[in-house]
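Novice: Dropping a structure here in structure tokens format, bear with me for questions.
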Amino acid sequence: MARFKIQDLRSVEGAQQTPISLSSKVGEMISSSTNPVAKVETLNPETGEYRVVLQGTLATETKHS
């Protein structure tokens, strides 16, 4: 599996993504992260609307001289 990079973060945003596409991107991001944490910020049981915040650290590529 290709490593998710910092440059790929913007690909997670977008209103017109399918659940499968978003799930794949977020899964790759979490798998490529160290110390990933998820926090449920809001949850509305009446409507099912939710907000989840993901936080972690992506490995950065270092350039060798």
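Novice: Taking 0.36 nm per intervening residue step and subtracting the Cα-Cα distance, what contour gain separates Asn44 from Ile6 on full extension?
Specialist: 10.6 nm
Novice: Run the numbers on the chain and let me know its relative contact order in percent, using alpha-carbon pairs under 8 Å that are six or more apart.
Specialist: 32
Novice: For the chain, modelled as a Gaussian network with Cα springs under 10 Å, which listed residue fluctuates most, Glu46, Glu28, Glu13?
Specialist: Glu46
Novice: Got a sec? How would Ile6, Ile20 order by Cβ neighbour count within 10 Å, fewest to most?
Specialist: Neighbour counts put them in this order, fewest first: Ile20, Ile6.
Novice: Please list, by residue number, everything in the stretch 1-21 whose backbone N is under 17 Å from a paramagnetic label point 7 Å out along Cα→Cβ of Ser33.
Specialist: Answer for this model: 3-14.
Novice: Treating only the Cβ atoms of Lys and Arg (+1) and Asp and Glu (-1) as charged, compute the dipole magnitude of the stretch 6-58 about its Cα centre; round to the nearest 20 debye.
Specialist: 120
Novice: Under the rule a/c < 1.5 gives rounded, and otherwise a/b versus b/c splits prolate from oblate, where does the stretch 6-58 land using the Cα gyration tensor?
Specialist: Cα axes put the stretch 6-58 in the oblate bin.
The numbers here are math on the coordinates, done by the rules we state, and not lab data. All values derive from a computational prediction rather than experimental measurement. Cβ coordinates were reconstructed from backbone atoms using ideal geometry, including for glycine residues, and neighbour counts include every protein chain displayed.
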